[in-house]
Amino acid sequence: MSNNDLKEHLKNLHQELATIESVDKESTILLEKIQSDVQFLLAHKSENPSEQHSTVKERLAESARHFNATHPALAAMIRTVVSTLNNMGI
């Protein structure tokens, strides 16, 4: 996987996040964190993996589990991003 793959997956995830309208308060907080994480990864994707990258991946994986039942497409996109990061060694 390349940086271009990651960028494309993150772009798709960001677009999916923008389409979600109605969620509970906990989900809203998670969505905000995901958006922040996506922006962080886009801004720092060229840097060497760091503890922050690991924390972001853990938060994304937890978010995927949270949205699995209510927003399966979003959960799948989040898992794809995490998988891509793992394949890139991040």
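The residue that is nearest to the chain's Cα centre (by Cα), among those in region 67-79 that are modelled with pLDDT under 90 and within 17 Å of Leu6 (Cβ to Cβ), is Ile78. Note on region 67-87: residues that are in contact with an Asp or Glu (Cβ under 8 Å, 6 or more places away or on another chain) and surrounded by 14 or more Cβ atoms within 10 Å (Cβ to Cβ) amount to 3. Within region 1-11, if we keep just the residues that are in contact with a Ser or Thr (Cβ under 8 Å, 6 or more places away or on another chain) and modelled with pLDDT of 80 or more, the residue that is surrounded by the fewest Cβ atoms within 10 Å (Cβ to Cβ) turns out to be Asp5. Considering only residues in region 23-66 that are acidic (Asp, Glu) and at pLDDT 75 or above, the one that is surrounded by the most Cβ atoms within 10 Å (Cβ to Cβ) turns out to be Asp37.
The values are calculated or read from the model by the stated rules, or taken from the named source; none is laboratory data. Model, not experiment: these values are computed from the prediction. For neighbour counting, all protein chains shown are included, and Cβ atoms are generated from backbone atoms with ideal geometry for every residue, glycine included.
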